[in-house]
Structure formats: C-alpha cells, structure tokens
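Student: Take a look at the following structure, please.
The values are calculated or read from the model by the stated rules, or taken from the named source; none is laboratory data. Predicted model, so just to flag it, every value in this text is computed and none were measured. Quick reminder, even Gly has a Cβ in these numbers, built from the backbone with ideal geometry, and neighbours come from all protein chains shown.
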Amino acid sequence: MNVDIHKTAPQLAPPLALPTTSQTIPQPVPRGADGEQPVFAVHDLNMHYGKNLALKDVTMDIRPRRITAIIGPSGCGKSTLIRCFNRMNELIPSARVSGEVLYHGENIYAPGVDPVVVRRHIGMVFQRPNPFPKSIYENVAFGAKINGYKGDMDELVERSLRRAALWDEVKNQLKKSALDLSGGQQQRLCIARAIAVEPDVILMDEPASALDPIATVRIEDLMQELKQDYSIVIVTHNMQQAARVSDETAFLYTEVDEATSARWGILVEFGETSQIFTRPRDKRTEDYVSGRFG
Amino acid sequence: MSWAEDLPPLDGGASAPDTQAGHAGGRWSGRCWAPGVSLRDCRPARRRVWRNRRNATLIVLAVVLTLIPVAMILYQITSKGIQTMDWEFLTSSQPFSLRRTGGGFLNGLIGTAIMVGLATLVSVPLGILGAVYLVEYGKGNWLAKLIRFFSDVMTGVPSIFVGLFVYTALVVQFGFGALMGAASLMIIMMPIVVRSTEEMLKLVPHELKDASYALGAAKWQTVLRVILPSAAPGITTGVMLAVARAAGETAPLLLTALGSIQLTAKLWGAPIQALPLAIFDGARNPFAAGQARAWAGALELLLIVLVFTIMARVVASRSRISR
C-alpha cells in the first residue's frame, strides 16, 4: 500500500505528479527504526489565496525528532507554509495548494485523504494562546475525547501536563477555568493539549511571540525536552530564538514582482542552523541573519 | 539629563517669555500646554465643554424618556393586578360569566404553557441548527442568503398573518386546538432564534475553532463541543427573547387556539385558552370582575416572563466557566 516514492534525495527527484495509491495516512514510523526518513518532504509547494500567489516553489525536507525553524521577515509566508503541513490553510475558503507535501512518503493533499486525519497526527500550537473556555482538565482531555481515547483519561491528562511542564502549577486546580491561567501557562496548556493526542509532529506558529522573556525561556526549554519524542517545526520572527532552539533553519524571503507589485514568499535557503547563521550561502540570508534588513 | 534642564519649573510660569508659549492663542483652540504654562491652567475650548454637556444631557434625557412608559406600564399592571392576584386566581379557571368575581386564569396558564412549550421544543433546536448552517456550513451560498432573507422578512411579518396562514393551512381541516396555536407560535419564534443565534455564533473567535480543528476534530465535533458551548449564554438570551415574544402573542392564537373558558390540556380537537387571550377577553368587556381578572392575568404573564428570563440568565452564567 504505502509506496515509498521518496528514497532518493528530494532535491534530485523530479517533481513528477506521482500517483498516490494509498487512501489512508500510514501510522508514524516507529521511532528510531528509520531515523533519517524525512517526516515531511515538500515538493514544489505553491500556495494561492484566491488569485494571489503566497508561496512559490517551496521544496524542503523536515527531519524527524529535530526542531526545524522557519524564519524570515513579516509577510513572507512563514505562517502560510507551516499551515500547509497540517492542512489548516483549507479553513480559509479561497486557499489553494499545489505541489506535494509528503508525510512519511504520502501526499497529505492526495484525493481521499481526510484533513481531519492529517491534523490528528500533526498537532499545532498557535501564536496567541487559545485555550477553550473550559476547565484545565477539559482542555487537555478535549483532543483525546473527540478522537475516541479508550485509556485512563486522568492519567493522560496528568502525563500531558507533566510533559508540558505545567503539572506542578495546576495539579490542585484542574477544574478551574483555563482562562484564569497566565499567558505563559495558557501556552503550555495549549502544548499539553496538543501532545495529549499523541501526535507525531508538533507545529508551532510563533509560540512565544505573545509571551514575556521568562515564559519564552520555559517554552524553549520545553521544546528541547519534546524533541526527544516529536518532530517540531517552529515559525519565529526572532532570529535569536531560531539560533537557540533549532537544529535546522529555513529562511523565507519575499519576492516582489516590480510590474504588478505582487508579493510572494520563496524559500531562499535551508540547512543546519549553525550553517545558516555562520556560513550562509545566499547573500539575502546573510543580510537577514546579520540584521542588515528585515 | 540635559533636556530636563531646559524646562522651566511648571509653577514658575512668569519667567517664560510669551513668545515661547507656542500653541496658546495660536492655531489651536483652548489653552494648551507650553513652556511656562501649568497643565492645571489648561482648559479645553469652551465650545467643546459646552457640546459635551449638551450631548450628555440629551442622552440622559433619552434614557429617561424611554424608561417612563416602561415604568408606567409596570406600575399600572402591578398596582391593579395585585388586587385580584391571590391563590384562588392562580389555581382556578375562569368562571362561566365575566360578571362573576372569583376564579382565575389557570386554564389560560395551562394553555400558554402547552403551546409555548411545544413551540419552543420545535423552534429552538431547528432555529439553532439553522443558524449553525448559516454560519458554519452555508457561509455565503444562495441557500444561506435565502434563509437569512426570509428570516428577516418573517421577523417583520405582522403576527395576525401567521395566524391566518395556520388557520387556512391547518385549522380549516383539523379544527381549533393547542397544536395549531403552537404551530403559529413556532413560526413566530423560529426567525428570532435563527437570527439571534447566528449573531452569537459569529462572535465565537476563530482561534477557538482553529484550536479544535488542529486537534483533529471534525467539523461537527467542533460545532458541538466548542462553538455551541462558547456561544451558549448568548443563544440562551436570544431564545428567551423568542419565548417572551411567543408567550405574549395574542393575534395568531385568536385564529388557531380560539380560546376557551374550560380547563383543558387537549392537544387537538378542542379550543384552548391562553393567558393573552384570557386577558383580551376580560379587558374588552364592560364587567368589573372580568377586567380585574385581566389585570391580574397581565401581572401573571409579566411575572412568568420575568422568572423565565432570570432563570435562563442564571443557567447561562453557570454553564459558562467563570473567568
């Protein structure tokens, strides 16, 4: 069923429209079994909002159990790109995607793939903490409940909250409204909520940009913890944060068509974080990471 | 530190030369701060102060004017209704003659409870589902636009037309009865529920929906577990508005429930009384006893609507986790 069409290096593989026969998302590859198979292989991803091109020809590999940072100036399509990884873009009616996003070798945009199933495996944490107006317990249990979790719910809630380094702060007030927590606690609650459904990948869209420096450090420490088990993709406009936390970095930049003043994002450079920040190959990357613009 | 040294002391205005007093008396009305002018001496332009006072007065006046009729109605109903309102009034039916004293509107109370209850049972779930369709599924398609348009039209239709419609469609064939009355009330309630629920659903922040979808929730799960609970307090308010409106409707019931002085709980086959009908009955006749009962009935109706509104508020505030 699951034909691995992605054995060769993605940059070399021509982006042919390979037929995807399988109708279901395969279970995540057992951790450690085949460490270097990419979690996501993106081929020539183009993204439109209505008639406007938002992302052009993005090709990249996301490796498992690493933190991949997406950096770039405002409006270059960082959030758009990360939302392509779990098909959240489809909630915007005019959004249109072409190209492939292979998740463990299978195109998540193939016909017959249910976005709900995709999102079940690929969790997401948003820029602004967005807990439900329910109790702390209900927030964490939400995903498990709707996905028909049969195990011990109390245990799952505790485990997820511990994982998100929030348990000690809230263990005596699980019935309290999640909206009573501070911003940083709310964001960790959102992370706990995301990992409660035991996803394979966690996407984070500027998870710390609404938080103070102390809460930010806690989130960053948490990410280091989580990458033992999860593949993490993080969008950030904070270059220091990308340099601190990530293993690999993708630099996106805005291209402008002078004639029509249309703007879209392109992937300029993608590589090891240390390489991107110390020996960038592209002039634009160098200018950006050295703070010359953006 | 250097900038502070340049500033004159705030109270020692005399030392600053007038030419330095920048805006004062210049292009700006009122007295503005300038070096040497204390903020305490600055006043907004007299014209603006006057306008502010005038508008504030007008607003307060408008509020008072709106409250006067409400207060008068409440006073009138309470003072006149309380004279006849007693245990007997609440627990017995209308006497056979409007001239006779005693008796009460129990028949009307039961009839109103049955008809408003049935109409609520049907119109609230349907109305909420309709609103969910409008906001979450239909968005801007032609069906949604059609539903929205007709809901607006239906809200404005005089209720007697609804009564006439149910009369020709149902009553002519099946006779007067509680079911026919409930049908007409349902038609009146439905658009109110749809439109008020729609407004509430629109207010649910899309961040919450995103959070739900990102956890692998299907659309129906998101609607049931996130969107509707978040909007519940607002929806309850809209539903109460519809219930209050239905409880007070008289015109459509004249043509569907007809009214009866007998105590009955039959759903069809027999005319049934409703509180507004009983009030109408007593009020339009010249007999003191009947009129007194009408006043007490009005008070009863008022209290029922009040109690239900308060109950709904309490339930709604409980269902939402306190911030």
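Student: Please pick out the residue among B:GLY238, B:GLY216 that is at pLDDT below 95, buried (at least 22 other Cβ atoms within 10 Å of the Cβ), out of contact with any Phe, Trp or Tyr (no Cβ under 6 Å at 6 or more places or on another chain) and over 22 Å from B:ALA113 (Cα atoms).
Tutor: Numbers: B:GLY238 fails: over 22 Å from B:ALA113 (Cα atoms).
Answer to the selection: B:GLY216.
Student: Kindly provide the set of residues from the range A:86-125 that are touching a residue at least 40 places away in the same chain (Cβ under 8 Å) and part of a loop (DSSP other than H, G, I, E, B), ordered by number. Steps first, please.
Tutor: Kept after step one, since they are touching a residue at least 40 places away in the same chain (Cβ under 8 Å), are these residues of the range A:86-125: A:86, A:89, A:92, A:94-108, A:110, A:112-113, A:117-118, A:120-125.
Within the range A:86-125, A:ASN86, A:ILE92, A:SER94, A:HIS104, A:GLY105, A:ILE108, A:ALA110, A:GLY112, A:VAL113 qualify.
Student: Taking the residues in the range B:196-213 that are among the aliphatic types (A, V, I, L, M) and more than 7 Å from chain A (Cβ to nearest Cβ) as candidates, determine which candidate is surrounded by the most Cβ atoms within 10 Å (Cβ to Cβ). Break it down stepwise before answering.
Tutor: Pass one, the range B:196-213, residues among the aliphatic types (A, V, I, L, M): B:200-201, B:203-204, B:208, B:211.
Pick out the ones that are also more than 7 Å from chain A (Cβ to nearest Cβ) and you get B:200-201, B:203-204.
Values: B:MET200: 23, B:LEU201: 21, B:LEU203: 10, B:VAL204: 21.
Among them, the one singled out is B:MET200.
Student: Follow-up. Checking the condition in contact (Cβ under 8 Å) with a residue 12 or more places away in the chain and surrounded by 13 or more Cβ atoms within 10 Å (Cβ to Cβ), which residue from B:VAL157, B:VAL162 passes? Steps first, answer last, please.
Tutor: Values: B:VAL157 fails: in contact (Cβ under 8 Å) with a residue 12 or more places away in the chain.
After applying the criteria, what remains is B:VAL162.
Student: Identify, please: which residue in the range A:126-157 is outside any helix (DSSP H, G or I), within 11 Å of chain B (Cβ to nearest Cβ) and among the basic types (Lys, Arg) and is, among those, nearest to the chain's Cα centre (by Cα)?
Tutor: A:ARG128
Student: So A:LEU203 ticks every box in (1) within 11 Å of another protein chain (Cβ to nearest Cβ); (2) more than 28 Å from A:ILE108 (Cβ to Cβ) but one. Which box is left unticked?
Tutor: Single failed check for A:LEU203: (2).
Student: Spot the failing condition for A:ALA164; the list is (1) out of contact with any Phe, Trp or Tyr (no Cβ under 9 Å at 6 or more places or on another chain); (2) surrounded by fewer than 15 Cβ atoms within 10 Å (Cβ to Cβ), and only one is missed.
Tutor: Just one mismatch for A:ALA164, condition (2).
Student: For the range A:245-263, how many residues meet the condition of being touching an Asp or Glu at 6+ places or on another chain (Cβ under 8 Å) and surrounded by fewer than 16 Cβ atoms within 10 Å (Cβ to Cβ)? Let's see the steps before the verdict.
Tutor: Initially, the range A:245-263 is screened for residues touching an Asp or Glu at 6+ places or on another chain (Cβ under 8 Å), giving A:245, A:247-251, A:263.
Imposing the further condition that a residue be surrounded by fewer than 16 Cβ atoms within 10 Å (Cβ to Cβ) reduces the set to A:247, A:263.
The number of residues fulfilling the criteria is 2.
Student: Let me ask another. Might you check whether a residue that is more than 14 Å from chain B (Cβ to nearest Cβ) and aliphatic (A, V, I, L, M) occurs anywhere in the range A:80-92?
Tutor: yes
Student: Then there is this: Please determine whether any residue of the range B:233-243 is in a helix (DSSP H, G or I), within 14 Å of chain A (Cβ to nearest Cβ) and of a type outside the set (Asp, Glu).
Tutor: If we filter the range B:233-243 for residues that are in a helix (DSSP H, G or I), which is where we start, we get B:233-243.
Cutting the leftovers down to within 14 Å of chain A (Cβ to nearest Cβ) gives us B:233-234.
Now drop any that are not of a type outside the set (Asp, Glu), which leaves B:233-234.
Looking through the range B:233-243, at least one residue is in a helix (DSSP H, G or I), within 14 Å of chain A (Cβ to nearest Cβ) and of a type outside the set (Asp, Glu).
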